[in-house]
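The values are calculated or read from the model by the stated rules, or taken from the named source; none is laboratory data. On a predicted model such as this, the values are computed, not experimentally measured, just so you know. Note: ideal-geometry Cβ built from the backbone for every residue, glycine included; neighbour counts use all protein chains shown. We work out accessible area using only protein heavy atoms, side chains counted, and drop any ligands, DNA or RNA first. Shrake-Rupley method; radii C 1.70, N 1.55, O 1.52, S 1.80 Å.
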Amino acid sequence: MSTQTVPMVDLKAQYRRIREDVDAAVARVIASTQFINGAECSAFEKEFAAFCGARAACGVANGTDALTLALKAYGVGPGDDVVTVANTFVATGEAILLNGARPVWIDVDPVSYTMDPSRLEAAITPRTRVIIPVHLYGHPADMTAINEIAGRHGIPVLEDAAQAHGAEVGGRRAGTLGHAACFSFYPGKNLGAYGDAGMVVSNDEAFIAKVRQYANHGGGANKYENVVPGTNSRLDNLQAAILRVKLPHLETWNEERRGRAAAYTRALAHTPAVVLPSERAGARSAWHLYTIRVPDREGLQARLNAEGVATAVHYPRPLHLQPAMALAGGKPGELPVSEQLSREVISIPLYPELPMETVERIASVVRAFVAPAVARV
Ligand SMILES: Cc1ncc(COP(=O)(O)O)c(C=O)c1O
């Protein structure tokens, strides 16, 4: 078997496909010397909002700030609770704590690994200000059920769509599935910048105006009027120009991811020891990651790494057990599904340029590891 190295994501291969356009965009921004709040930023905000099907968007410095500033725009602060999941990247929890509020964790559903709506109602109290479902691995949370419960309580739903550019529920894209949505354009995301970048998207233009105010020093009508205590979290014009080059390719790239995910699923379909990702009826994943579950995760990781195949664990420790989140008071055993996932999940390479024969090779290593006798037949 070949031991050719396979990364989790190959940004060099992506760059080769769009090099001329990226280089021209970068040169254009440098020649303009408009680096902050430039035309590229406002054009990209409009274009990405249109991609999502939303009315407005505000570019910010990264996805973590998108969440933090969106919560600020909801008025979240000390004494407030935000209901979310622990089975996510740390930023989801950080954004809540950084606003002085308390994360209230609920468990995820064992099939989609996203917020379990059947646990939501019981977590809502008069202190609950916002609900944040996470579209994990690109698969949308069960937004229909979550919106129904949130709507009855009059609580806004903020999508953590950092991994879900282009994901859909019932033909509507992430960005329009709650009251507002936060995106990350971290380089390895489905739509990635060449540095940090993020965005808040919503149909509520007044809300986006508030986010913009917080992201730009609490600005008022003129530059030196500061109305609220804000921060500096602006989208960089160079990043916006690069993202504008990439955005027209996103649908194709997501389809290429889908094709590779389907190939993994076909190749591993008859391997009962491996739990495969799936799509809920009516949902379309953006297939940011292809994450499987196996009983001996560390063993499989070692085998794949020995074959030159990169792997990653998203995520090895649920947030309620992270020391950084101790203020929220989580204890082992509280979220059994999230805790079990953290022991079993392993992500294998998935990116648009991943050769199909490499998908087959990786799948055969997985098959041989979990069911050696069957694989030999
Ligand atoms: C689910 C989730 N939320 C939030 C973020 C934060 O985004 P960023 O890294 O751009 O701050 C990420 C990105 O890594 C993420 O995966």
Item to complete: Look at segment 57-82 and say how many of its residues are more than 9 Å from the ligand (Cβ to nearest atom), open to solvent by 30 Å² or more (accessible area, probe 1.4 Å) and either under 19 Å from SER184 (Cα atoms) or part of a strand (DSSP E or B) (or both).
Response: 1
Discussion item. Could you check segment 289-306 and list, in sequence order, the residues that are open to solvent by less than 40 Å² (accessible area, probe 1.4 Å) and not in a helix (DSSP H, G or I)?
Written reply: LEU289, TYR290, THR291, ILE292, ARG293, VAL294
Item to complete: For segment 95-105, state whether one or more residues are assigned to a loop (DSSP other than H, G, I, E, B), crowded, with 16+ Cβ neighbours inside 10 Å and more than 16 Å from the ligand (Cβ to nearest atom).
Response: yes
Worksheet item: In segment 24-34, which residues are over 24 Å from ASN216 (Cα atoms) and surrounded by 13 or more Cβ atoms within 10 Å (Cβ to Cβ)?
Response: ALA25, ARG28
Worksheet item: Which of the following residues is at pLDDT below 95 and crowded, with 16+ Cβ neighbours inside 10 Å: ALA312, ALA328, ALA286, ALA261?
Response: ALA328
Discussion item. Restricting to segment 107-133, count the residues that are closer than 23 Å to ARG317 by Cα and β-branched (Val, Ile, Thr).
Written reply: 5
Worksheet item: Identify, please: which residue in segment 140-159 is outside any helix (DSSP H, G or I) and open to solvent by 10 Å² or more (accessible area, probe 1.4 Å) and is, among those, nearest to SER347 (Cα to Cα)?
Response: ASP142
Discussion item. Of everything in segment 116-139, what is outside any loop (DSSP other than H, G, I, E, B) and not β-branched (Val, Ile, Thr)? Give them in sequence order.
Written reply: PRO117, SER118, ARG119, LEU120, GLU121, ALA122, ALA123, ARG129, LEU136, TYR137, GLY138
Worksheet item: So which residues in segment 35-56 are open to solvent by 10 Å² or more (accessible area, probe 1.4 Å) and of a type in the set (Phe, Trp, Tyr)?
Response: PHE35, PHE51
Discussion item. Given the criterion under 21 Å from the mean Cα position of the chain (by Cα), surrounded by 17 or more Cβ atoms within 10 Å (Cβ to Cβ), touching a residue at least 12 places away in the same chain (Cβ under 8 Å) and not in a helix (DSSP H, G or I), identify the matching residue among VAL200, VAL211.
Written reply: VAL200
Worksheet item: Taking segment 117-136 as the search range and keeping residues that are away from the ligand (no atom under 14 Å from the Cβ) and crowded, with 24+ Cβ neighbours inside 10 Å, which one is nearest to VAL211 (Cα to Cα)?
Response: VAL130
Worksheet item: Among LEU235, LEU243, which is buried (at least 23 other Cβ atoms within 10 Å of the Cβ), out of contact with any Phe, Trp or Tyr (no Cβ under 7 Å at 6 or more places or on another chain) and not polar (S, T, N, Q)?
Response: LEU235
Practice prompt. Pick out the one residue from GLY192, GLY175, GLY230, GLY188 that is assigned to a loop (DSSP other than H, G, I, E, B), in contact (Cβ under 8 Å) with a residue 24 or more places away in the chain and open to solvent by 10 Å² or more (accessible area, probe 1.4 Å).
Written response: GLY188
Worksheet, complete the sentence: Cβ pairs under 9 Å, 6+ apart or interchain, first in segment 1-29 and more than 20 Å from TRP253 (Cα to Cα), second open to solvent by less than 50 Å² (accessible area, probe 1.4 Å) and at pLDDT below 95, ordered by first then second residue, are VAL29/GLY38
Worksheet entry | Flag if ALA181 is in a loop (DSSP other than H, G, I, E, B), within 16 Å of the ligand (Cβ to nearest atom) and under 14 Å from the mean Cα position of the chain (by Cα) | no
